[in-house]
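The values are calculated or read from the model by the stated rules, or taken from the named source; none is laboratory data. Bear in mind that the values here come from a model prediction, so they are computed numbers and not experimental data. Here the Cβ positions follow ideal geometry from the backbone for every residue, glycine too, while neighbour counts run over all protein chains shown. Each accessible area value is taken on the protein alone, full model and side chains, heavy atoms only, with ligands, DNA and RNA left out. Shrake-Rupley method; radii C 1.70, N 1.55, O 1.52, S 1.80 Å.
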Amino acid sequence: MAAGEVTPDSILQLGMGFWGSKALLSAVELGVFTTLADGPRTAKALIAELGLQPRGTVDWLDALVSLGMLDRVGDQYKNAPATDLFLDRNKPSYIGGILEMANARLYPFWGSLTQALRTGDPQNEALVGENFFATLYADPNRLKQFLQAMTGISMGAAHAIANTFPWDRYSTVIDVGGAEGCVPVEVARRHEHLTGGSFDLPTVRPAFEEYVASADLSDRLRFYPGDFFVDPLPNADVLVMGHILHDWGLDEKLVLLRKAYEALPDGGALVVYESIIDDDRRANTFGLLMSVNMLIETPNGFDYTGADCRSWMAQVGFSDTYVEPLVGPDSMVVGTK
């Protein structure tokens with residue numbers, strides 16, 4: 001093949017990328033990485049312990065080796081360093097909740113992307129007449145999976161926010177729609193002078209209180225029940241909105257930003273974080289695909305650029321705004337009142 005000749009390799013790898021994705025998602029579902037956190041296993045031992053059958057299973061394990069998710073020494077399989085840290089359910093660093101939700105919900109829903117692009121309609125529970133959020137919060141098991149997913153997708157950003165935001169200037173923080181509370185927990189762990197908590201629907205309280213208690217922070221972090229479209233937001237020096245604004249259309253985004261502005265004191269700050277799309281809309285593939293996911297999941301939601309969010313903040317009254325990268329595809333947009 002001549003140097004510089006165009007090949008179809010990247011097209012085929014992307015087009016068949018769901019093979020590797022599902023190999024990983026099934027491994028998380030089956031508890032492969034949690035099992036191997038206890039020590040290496042042979043394929044035969046893993047098959048027996050996980051209740052699998054042999055045909056194709058060794059190929060699947062070796063595919064996970066090839067993908068960098070497992071390592072193999074002789075006939076013994078073991079976790080790669082990253083999967084041992086982030087995909088062992090027994091470690092506090094576990095981020096697999098988002099992958100469990102991707103496997104159970106998003107993977108089949110994305111099979112209807114073509115229909116979503118043609119109609120503009122969500123392709124999730126709405127197809128059978130259910131409201132996604134109402135159905136989710138009414139089912140304790142699905143709610144738990146969703147809240148753990150939010151912890152998984154937020155953990156990296158939570159660490160970065162705790163380390164990079166100027167918390168020494170503030171005393172209180174409340175995460176709006178904070179799920180289990182991983183952001184206030186990580187912030188409180190690193191900054192002992194801070195108190196605050198999370199504002200979310202009342203059904204989230206048990207999950208929040210359990211998570212906060214496991215971090216031994218119940219004396220500094222509390223739960224604030226409410227609906228952010230119905231109730232005023234709690235007052236705090238810093239309000240956080242993570243993976244919230246992209247669920248909604250522009251009118252609802254502006255309502256939430258305006259309510260945050262009203263709840264903050266002069267000099268207070270709003271931290272909005274998610275997979276903020278780069279202003280040129282070329283580089284943050286994850287952020288762009290997350291916005292496509294909002295087409296799948298919501299009636300009007302969409303992700304946005306840092307410039308978009310700064311303009312909306314200015315529109316509701318914030319006088320000073322900036323964008324700062326966090327980790328991976330995530331950035332935060334900060335507005336000061």
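Of note:
- Applying 0.36 nm per residue to the separation of Glu252 and Asp231 and subtracting their alpha-carbon distance, the gain on full extension is 6.2 nm.
- With a Förster radius of 25 Å applied to the beta-carbon distance between Gln76 and Ser21, the computed FRET efficiency rounds to 0.45.
- Placing unit charges on the Cβ atoms only, positive for Lys and Arg and negative for Asp and Glu, gives the chain a dipole magnitude near 420 debye about its Cα centre.
- When the solvent-accessible area of the chain is split by element, carbon and sulfur atoms take up 55 percent of it, the probe being 1.4 Å.
- Residue pairs, from the table Lys91/Lys259; Lys144/Lys259; Lys144/Lys337, whose Cα atoms sit over 29 Å apart: Lys91/Lys259; Lys144/Lys337
- Centroid-to-centroid separation of the stretch 161-233 and the stretch 83-108 [C-alpha atoms, Å]: 22
- Here each label is just a point 7 Å from Cα along the line to Cβ, and for Val58 and Glu29 those points are 2.4 nm apart.
- Counted by Cβ distance under 13 Å from Arg281, the other residues give a net charge of -4, where Lys and Arg count +1 and Asp and Glu count -1.
- When Glu324, Glu209 are compared by accessible area of protein heavy atoms, the largest-first order is Glu209, Glu324, using a 1.4 Å probe.
- Helical contribution to [θ] at 222 nm, DSSP H n ≥ 4, -39,500 (n - 2.57), averaged over the chain, rounded to 500: -13500 deg cm²/dmol
- Over all projection directions, the Cα-based convex hull of the stretch 31-80 averages an area of 3.0 nm².
- Taking every alpha-carbon pair under 8 Å whose residues sit at least 6 apart, the chain reaches a relative contact order of 12 percent.
- For Glu100, solvent-accessible area (1.4 Å; no DNA, RNA or ligand), Å²: 40
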